[in-house]
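Participant: Please see the structure below; I have some questions.
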Amino acid sequence: MIPNDLLAMQSTKAMEYLIAVAFLLLFIPFWRFVNAKAVAERVVVSEVSRRLGRVLDWFLVPDQVYFHPGHAWARVGDGGLVTVGMDDFSQKLVGEVSAIRLPEVGARLGQGEKGWSLQSESKSIDMLSPVDGVVVAVNGQVVASPEKVNLDPYGDGWLLRVRVPRLTANLKQLLSGSLAKRWMEEVCENLRMMMDPDLGRVYADGGLPIHGMARGLNPARWDAVARTFFLT
């Protein structure tokens, strides 16, 4: 083989080597970029899921309780009597409850109709009854100390006991178990959509909503915001 051919062959191999090295040098940052983007997307999805879980966990949705979309709850007790109250979301939405006006014993309630009124500061808001029936007991302790609703909405903060003649039909119109939790997820999503313009002002303490959220959403019209969730 003549020297010129050897030089040409060596030059060709050197060029191929340089091309291979250049490819590797370009491929490595490209691969890192692609994987970094995938990792970033996983981190974003994980963060969104974490926030969703934290917000959902902030609103208590106990088992063995039925929920009305207007954020009242019902629990079936002995003798078919139904205990009724306002859920954890509703008390956190309005914040400190300063007064509650309950119907009298013997009053008739209609499912999805006005059941009681609550007051927070100077605002008065109606809430819907989750069941049909006749009121057989009212929680006088809540009337005397409305803060019980904020402290223990599913326990000492109960509002009424109702005899419900159409219990099975009423319960079919309410949400419980996994359905209730999925409904609360939708409520949380609606809440976040309303919060978006003011995230920095409304979210507090690591991204959780503040107590008395309706004021944070729209201080001038918080009662209207509350009625949007209470369906009144």
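Participant: What is the set of long-range amide H partners of Gly157 at a cut-off below 5 Å, with H atoms built 1.01 Å from backbone N?
Facilitator: The answer is Asp152.
Participant: Additional query: Local charge sum around Asp126 (other residues, Cβ-Cβ under 10 Å, Lys/Arg +1, Asp/Glu -1)?
Facilitator: Neighbourhood net charge equals +2.
Participant: Still on this structure: For the range 53-164, just say rounded, prolate or oblate: build the C-alpha gyration tensor, square-root its eigenvalues into a ≥ b ≥ c, call rounded for a/c under 1.5, and beyond that prolate if a/b exceeds b/c, oblate if not.
Facilitator: oblate
Participant: So, one more: Give me, ordered by chain and number, the residues 5 or more places off Leu128 or on other chains with an amide H under 5 Å from its own placed amide H.
Facilitator: Under 5 Å from the amide H of Leu128: Gly115.
Participant: Hey, another quick one. What are the residues whose amide H is under 5 Å from the amide H of Gly95, where those residues sit 5 or more places off or on another chain and H is modelled from the backbone?
Facilitator: Amide H to amide H, under 5 Å and 5 or more residues apart or across chains, Gly95 pairs with Gly212, Met213.
Participant: Could you compute how much accessible surface Lys181 exposes when probed at 1.4 Å, giving the result in Å² to the nearest 10?
Facilitator: We get 80 Å² for Lys181.
The values are calculated or read from the model by the stated rules, or taken from the named source; none is laboratory data. As the structure is a prediction and not an experimental result, all values here were calculated from the model. Backbone-built Cβ (ideal geometry, glycine too); neighbour counts: all protein chains shown. Accessible surface areas use protein heavy atoms only, side chains included; no ligands, DNA or RNA. Shrake-Rupley method; radii C 1.70, N 1.55, O 1.52, S 1.80 Å.
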